[in-house]
Amino acid sequence: MTGLLDHGSLKFLDLLSPEVQAAIEAAERRHTYEDGQMIHSSGDDSDRLIIVRSGAVRMGRINPNGREAMLAVLGPGHFIGIIGVLTGRKRNQNAVAMGDTTVGFLKKSDFLSLMKKHPEIAGAALPITLSRLNVALSMLDDLRLLPLPAYTAVMLLNMHQGSDVPGVLQWNQSELAVAVGASRVSVGKALKKLEAEGLIALKYGAIEIPDVQALSDWVDAARAAHLSH
């Protein structure tokens with residue numbers, strides 16, 4: 001899997017001035033992980049902010065039946081763990097390296113000191129956090145209201161925002177099933193329905209979206225139909 005799943009959220013580093021980026025870089029400690037290595041586990045202390053420097057980090061949880069539910073795949077420029085750092089709550093997700101991945105660890109005390117010295121850090125962190133919260137609430141509504149084909153289409157649209165090649169998602173059906181949180185068989189049936197509608201094309205190890213706007217319009221129609229029931 002080479003695609004990201006950042007749900008179109010803003011990148012922390014992109015919102016900071018070069019001066020503040022340099023201050024963060026000077027304070028952080030970097031570590032490189034191999035593909036599949038655990039960066040932190042659910043239940044760990046939230047004593048450090050994580051900044052993705054290269055590669056990607058898969059965020060997810062293990063549900064009661066032992067199946068992984070992937071919540072996001074975040075690439076360079078994104079931060080991880082802001083809520084835990086600010087509230088003291090323990091990690092509630094696993095973070096796993098996707099490919100060779102380098103992250104910067106910024107201790108809570110250093111982050112708070114930098115935020116006090118450079119208010120633009122808080123100005124950047126707030127809209128990112130609110131944006132992610134809005135995405136989470138929207139996904140919760142979609143998961144509750146939409147049938148699996150429509151929810152799968154929502155996830156495809158989210159994945160497309162992080163795709164390097166417009167209209168092509170480098171995800172196979174097994175990986176997509178983890179992101180959707182359903183069985184591979186169920187997601188396969190959902191994809192076949194979308195393909196029959198002419199909205200996607202299934203390729204080996206990839207999914208093509210010939211017309212992103214058409215898929216988006218189809219999702220909007222599905223939402224409207226189920227809200228009217």
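Diffusion of the chain by Stokes-Einstein, at 37 °C in a medium of 0.692 mPa s and with Rh set to the Kirkwood radius over alpha-carbon pairs, works out to 176 µm²/s.
How large, in percent, is the carbon and sulfur part of the accessible surface of the chain at a probe radius of 1.4 Å? Could you put the intermediate results ahead of the total?
Details: 6170 of 11530 Å².
On the chain, the fraction of accessible area on carbon and sulfur atoms equals 54 percent.
With the whole protein complex present, L10 retains an accessible surface near 80 Å², based on a 1.4 Å probe.
What do you get for the angle between helix 18-27 and the principal long axis of the chain? Use alpha-carbon atoms, 0 to 90 degrees, nearest ten. That works out to roughly 70 degrees.
Suppose accessible area is computed on protein heavy atoms with a 1.4 Å probe; arrange M155, M115, M38 from highest to lowest. Write down the numbers at each step before the final one.
Numbers: M155 0, M115 45, M38 90 Å².
Greatest to least solvent exposure: M38, M115, M155.
When you work out D = kT/(6 pi eta Rh) for segment 1-105 at 25 °C and 0.890 mPa s, using the Kirkwood radius from C-alpha pairs as Rh and the Stokes-Einstein form, the result is 174 µm²/s. Considering helices alone, the calculated mean residue ellipticity of the chain at 222 nm is -14000 deg cm²/dmol, with DSSP H runs of length four and up weighted by -39500 (n - 2.57) and normalised per residue.
Solvent exposure of W218, expressed as accessible area, is near 60 Å², computed with a probe of 1.4 Å over the protein chains only.
Leaving ligands and nucleic acids out of the surface, order H78, H160 by accessible area at 1.4 Å, largest first. Let's see the in-between values first.
Numbers: H78 0, H160 40 Å².
The residues order as H160, H78, largest area first.
Pop the C-beta distance of A27 and T87 into the FRET formula with R0 = 22 Å and round what comes out to the nearest 0.05. Working from the Cβ atoms, E equals 0.60. If the Kirkwood radius is taken over C-alpha pairs of segment 63-112, then at 20 °C and 1.002 mPa s the Stokes-Einstein diffusion coefficient equals 164 µm²/s.
Given their separation in residues at 0.36 nm each and the Cα-Cα distance between them, R184 and S113 gain 20.9 nm when the chain is fully extended. Of all the options I121, I200, I62, the one that moves most in a Gaussian network model of the chain with Cα springs shorter than 10 angstrom is I62. The spacing between segment 1-48 and segment 156-229, judged by their C-alpha centroids, is 28 Å. Label separation (D47 vs E34): 2.7 nm, computed from points 7 Å beyond Cα along the C-beta direction.
Between H226 and R144, the modelled labels are 1.2 nm apart [label points 7 Å from Cα along Cα→Cβ]. Within the assembled protein chains, the solvent-accessible surface assigned to S138 is about 50 Å², based on a 1.4 Å probe. With each label modelled as a point 7 angstrom along the Cα→C-beta vector, the A206-Q161 pair spans 2.3 nm.
The values are calculated or read from the model by the stated rules, or taken from the named source; none is laboratory data. Just so it is clear, the structure is predicted and the values come from calculations on it, not from any experiment. So basically every Cβ, Gly included, is an ideal-geometry build from the backbone, and we count neighbours across all protein chains shown. Accessible surface areas use protein heavy atoms only, side chains included; no ligands, DNA or RNA. Shrake-Rupley method; radii C 1.70, N 1.55, O 1.52, S 1.80 Å.
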